[in-house]
Amino acid sequence: MAAATRRHFDLFVIGGGSGGLACARRAATYNVRVGLADGNRLGGTCVNVGCVPKKVMWCVASVHETLHELKNFAFTVKEQPTFCWRTLKTNRDNYIKRLNNIYLNNLKNSGVTFFPAYARFAKPEAKTDGGLAHAIVLKSADGNEETVTADHVLIASGGRPAKAGIEGEEHTINSDGFFELEEMPQKVALLGAGYIAVEFAGVFAAMKCETHLFVRNERALRKFDDMISMRVDEFMRKAGVQIHPHSVAKAVRQEADKSLTLELTNGRIFSGLRFRYCICWPRPRSRESGLDVVGVKQRHGGYIVADEFQNTSVEQIYAVGDVSGKIELTPVAIAAGRRLADRLFGGLCNAKLDSACVPTVVFSHPPAACVGLTEAEAKATYGEKDIKVYTGTSVNLYYGAWPVAPEEKPKTFIKMICVKSQMLKVVGLHVVGMGADEMIQGFGVAMENGRELKADFDNCVAVHPTAAEEVVTLPPWGLSHKDL
């Protein structure tokens, strides 16, 4: 069928997650025809089974921690309040449903045509004015199919939990399944070492579940700076998380009494367990998109190869977000999607995302935050002799008046990484401790906009008493010229 007989769009977006929604709505502001398809709930991983419900659970766990800290503020609690997981789940799920509807209304108000359908590529079709248009087959839940065409196509289908490939995996749940739990488990085992596993471990431990974390190497969060990896490991252990390093799952067996046995590749056996195993590592949602039909190149794991302008190997097909496997963060996908729309339809031919200075947070307990390079990355980039590292340790005032020994009070840890030959340019900042999640955004703005010398931090008048002041008063305050 000729493209002229089908519904045609200037831009068609596959995937209604953060990046896809952002690109579609921005493109629509340029008065072009935009279509978007998603067979799942709008909002993608972040809204439905990621950042948003995860942060809700982090908040709940933090409140639970606060309840146990009341005695340190001279409150006498005669009876601990009760907690209902089912009620929390209902409230959280209702909140997510409201967000789904908000996203749908936003698309309508922006003039984007929404298709509640799964999308896959078909062979390009001829246009009446010459050339070819990309063809996309849309399949709705009732099995009906429609083919549309577009000049430009954005793949923003996101990611989903991968299968671990171990025997007995059917007895486990993945990270999506965490949000389907109807009851709070008494014991839980987590297989994974990334931020998802760490954040789930923090929630479970704070809620007083017996929590086991199995990691392949010595510690979790290996992609982060060593300081973050080490300090988060310490905080997790103090919170009661039982961390099992150098542990790779081989098989899970369900016994006659319904208990589970976990076998590791190193021969260790954990038997008689009544855990819910949660496997936490993501993979791109790209295999069903028909990429082979149009020849979009992928690398190991199914990630789509895309350049800094989001271009794939096929002309006028683009990729943003988790499906490209670069920086798998919601704000990164949003920023990349908007810049792509600006470049394609807004006349900003050089618009692209600068990913060199992206702040990020691990919502552990306490949170860990960073922006820029790790110490290892900085040394590899500039040379070990050209790197100067500043560190600081402090106690948040929240803990100041606690009637406990000073060494028992939780600490905040800071690491600032500078390049000596560039006037002590700050290329990395890493913080673990209360308030780290909220403070890192401002420092990210500073570093993004050129206020990135140690002297710039020193010259900033501190807000007292706050956690953030420890960064701008990091020793040697006002004496950084001695290190040049």
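Okay, here's what the table says:
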| quantity | calculated |
| --- | --- |
| Net lengthening on full extension, K238/S355 (0.36 nm per residue, minus Cα-Cα) | 38.7 nm |
| Cα Rg, Dmax, the stretch 1-101, angstrom units | 21.8, 76 |
| Normalised alpha carbon radius of gyration of the stretch 366-471 [divisor 2.2 N^0.38 Å] | 1.12 |
| Ellipsoid equivalent to the chain - semi-axes via the Cα gyration tensor, in Å | 40, 31, 21 |
| Set K163/K379; K127/K326; K55/K425; K297/K352 screened for pairs whose C-alpha atoms are more than 24 Å apart | K163/K379; K127/K326; K55/K425 |
| Estimated vicinal HN-Hα couplings, Hz - the stretch 394-399 in sequence order (Karplus 6.51, -1.76, 1.60; Gly, Pro = x) | 8, 10, 4, 4, 3, 9 |
| Fewest-first sequence of E255, E407, E469 by Cβ atoms within 10 Å of each Cβ | E407, E255, E469 |
| Inter-centroid distance (Cα atoms) of the stretch 17-36 relative to the stretch 412-484, Å | 37 Å |
| Nearest-ten-degree value, helix 51-69 long axis tilted from longest Cα axis of the chain | 20 degrees |
| Neighbourhood charge, 14 Å Cβ-Cβ cut-off, centred on D225 and excluding it, Lys, Arg +1 and Asp, Glu -1 | +2 |
| Karplus-derived HN-Hα couplings along the stretch 463-471 (A = 6.51, B = -1.76, C = 1.60, θ = phi - 60°), whole Hz, x at Gly and Pro | 9, 10, x, 9, 6, 5, 5, 5, 6 |
| Overall dimensions of the stretch 233-320 by Cα: Rg and Dmax, Å | 20.6, 57 |
| Under-5 Å amide H pairs with R160, H placed in peptide plane, nonlocal only | R283, R285 |
| Stretchable slack from I327 to W477, in nm (0.36 nm times residue separation minus alpha-carbon distance) | 50.7 nm |
| Value of relative contact order over the stretch 190-240, rounded to a whole percent, pairs C-alpha under 8 Å and six or more apart | 40 percent |
| Net charge of Cβ neighbours under 12 Å - reference V215; Lys, Arg +1; Asp, Glu -1 | +1 |
| Rounded to 10°, Cα long-axis angle of helix 85-110 versus longest principal axis of the chain | 40 degrees |
| Using θ = phi - 60° and Karplus 6.51 cos²θ - 1.76 cosθ + 1.60, couplings along the stretch 336-344 (whole Hz; Gly, Pro as x) | 5, x, 5, 5, 4, 4, 4, 6, 6 |
| 0 to 90° range, to nearest 10: angle between helix 18-28 axis and the chain longest Cα axis | 50 degrees |
| Under-5 Å amide H pairs with K250, H placed in peptide plane, nonlocal only | E263, L264, T265 |
| Per-pair calculated FRET efficiency, R0 = 56 Å: S271 and L397 via Cβ, rounded to 0.05 | 0.75 |
| Paramagnetic label zone (point 7 Å from Cα along Cα-to-C-beta, N144; backbone N under 13 Å) in the stretch 98-124 | 115-117 |
| V404-V293 FRET efficiency (beta carbon distance; Förster radius 56 Å; 0.05 resolution) | 0.30 |
| Under the Debye formula (equal points on every Cα, no solvent term), log10 I(q)/I(0) of the stretch 163-280 at q = 0.13 Å⁻¹ | -0.46 |
| GluC sites (Glu not before Pro) within the stretch 23-90: DSSP coil, no more than 12 neighbouring Cβ in 10 Å | E79 |
| Order of I155, I334 - criterion: other Cβ atoms within 10 Å of each residue's Cβ, fewest first | I334, I155 |
| For V13, distant residues with modelled amide H under 5 Å away | G35, L36, A37, L154 |
| FRET efficiency estimate (nearest 0.05) - Cβ-Cβ, K97 to E448, R0 45 angstrom | 0.80 |
| Helix-only CD estimate at 222 nm, as mean residue ellipticity for the chain, using -39500 (n - 2.57) per DSSP H run (n ≥ 4) | -9000 deg cm²/dmol |
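No value in this document is a laboratory result; all are computed from the given coordinates. This one's a predicted model, so the numbers in the text were calculated from it and none came from an experiment. Please note: Cβ atoms are built from the backbone with ideal geometry, for glycine as well, and neighbour counts cover all protein chains shown.
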